[in-house]
Amino acid sequence: MNVAKWLLLGVLAVPLAEVVVFIAVAAAYGFFQAVGMQALATLGGIMLLRHAGGNHIARVRMAMNEGVNRASFAALQADGTGGLILLAGFLLVIPGFITDMIGLLLLLTPLWRALSRKLGWAAPLVRADGVVDLEPEQWHRVDDPALPGRRPEEPER
């Protein structure tokens, strides 16, 4: 089977699995309690997208408006946890207990750290005095000739 068939099978299997899990939860706790849990999860996802995800969406829009360049991509990459919050919010809005559990797992801080290390999204460390410590491969010097008192031919200090 090629990838497209597996993807189609996966897309069709998720709603079926969600219905099966909903029936199991409704049988265990009651139909109205299951619907109430889904409503609370959807409301939580909407609130999460509205408050925490809104800033990240604005940053993504601004980066896309500026075009794809190294600086805008690096800015989005440095905010990897914002992307996870956004994904968690979308998963909570989608009705279903499986997607809700995945969305809640994405909100756990230890999972964020593990995923960010695995995907190379390690956020820079911020000290109490506001100084950001970056690894040597995470930054490079950009000389600004417009700075007062600095000549372009002046050697680096």
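What follows draws every value from the coordinates through simple rules; no lab data is involved. Since we're looking at a predicted model, the values are computed, not measured. Cβ sites come from the backbone with ideal geometry, for glycine too, and all protein chains shown count toward neighbours.
Structural remarks
- Cross-chain or 6+ apart pairs with Cβ under 9 Å, region 1-12 first and under 22 Å from I98 (Cα atoms), then exposed (fewer than 10 other Cβ atoms within 10 Å of the Cβ): L9/M1
- Lone qualifier among A24, A28, A41 - being surrounded by 14 or more Cβ atoms within 10 Å (Cβ to Cβ) and of a type outside the set (F, W, Y): A41
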